[in-house]
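Report on the structure given below.
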Amino acid sequence: RYSTVLAAIRHHHQPIAHHFFKGRGMELMLREAEVLVALLLDLKRSGVVALPIHDAILVPWSERDVAISAMKDVFLEKTGCDALVRIE
């Protein structure tokens with residue numbers, strides 16, 4: 001049942017459950033999209049080809065340092081927080 005599953009999710013995520021169903025998720029998805037678009041435009045201006053993949057980008061290995069720097073700069077500008085960037 002939906003109510004049973006929802007109760008389990010709320011219990012598991014108790015510290016943030018008070019944010020559920022208030023549109024915060026949509027706001028965060030918009031912010032993520034804004035960060036990604038700004039990052040892609042920044043990399044384009046720098047001559048770096050980047051392919052967006054969900055919450056990541058794919059760049060040539062030779063451009064990884066440029067991409068990491070751009071990611072950190074754009075994320076800080078858009079969120080006011082430092083970014084954690086991983087290479088996979």
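The values are calculated or read from the model by the stated rules, or taken from the named source; none is laboratory data. Keep in mind that what you see is a predicted model, and the values were worked out from it rather than measured. FYI the Cβ positions are ideal-geometry reconstructions off the backbone, even for glycines, and counts take in every protein chain you see. Remember, those area values only see protein heavy atoms, side chains included, never the ligands or the DNA or RNA. Shrake-Rupley method; radii C 1.70, N 1.55, O 1.52, S 1.80 Å.
Given Cα pairs under 8 Å that are at least 6 residues apart, what percent is the relative contact order of the chain?
19 percent
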Whole-Hz Karplus ³J(HN,Hα) for region 19-34, in order, using 6.51 cos²θ - 1.76 cosθ + 1.60 and θ = phi - 60°, x for Gly and Pro? 8, 4, 6, 10, x, 4, x, 5, 4, 5, 5, 5, 4, 4, 5, 4
For the chain, find the longest principal axis of its Cα atoms and tell me its angle to the long axis of helix 2-12, 0 to 90°, nearest 10. 70 degrees
If you take the beta carbon distance between residue 86 and residue 5 as r and set R0 to 30 Å, what does 1/(1 + (r/R0)^6) give as a FRET efficiency, to the nearest 0.05? 0.45
For residue 44, the lysines lying under 25 Å Cα to Cα, once residues fewer than eight places off in the same chain are dropped, come out as 72, 78
Might you work out the accessible area of residue 20 for me, using a 1.4 Å probe with all protein chains in place, and round it to the nearest 10 Å²? 50 Å²
Per the helix-only calculation at 222 nm, which mean residue ellipticity applies to the chain, given -39500 (n - 2.57) for every DSSP H run of n ≥ 4 and division by its residues, nearest 500 deg cm²/dmol? -18500 deg cm²/dmol
Let me check something: with ligands and nucleic acids excluded, how do 13, 54, 18 order by accessible area (1.4 Å probe), largest to smallest? 54, 18, 13
Cα-centre dipole for the chain with unit charges at Cβ (Lys and Arg positive, Asp and Glu negative), debye to 20: 440 debye
May I ask for the angle, rounded to the nearest 10°, between helix 64-79 and the longest principal axis of the chain, with both axes built from Cα atoms and the value confined to 0 to 90°? 50 degrees
Once ligands and nucleic acids are excluded and a 1.4 Å probe is used, how much of residue 22 is accessible, expressed in Å² to the nearest 10? 140 Å²
Based only on the alpha carbon positions, what is the Kirkwood hydrodynamic radius of the chain, in angstrom? 15.1 Å
List, in order, the whole-Hz ³J(HN,Hα) value for each residue of region 47-60 obtained from phi through the Karplus relation with A = 6.51, B = -1.76, C = 1.60 and θ = phi - 60°; use x for Gly and Pro. x, 9, 7, 9, 10, x, 9, 6, 10, 9, 9, 10, 10, x
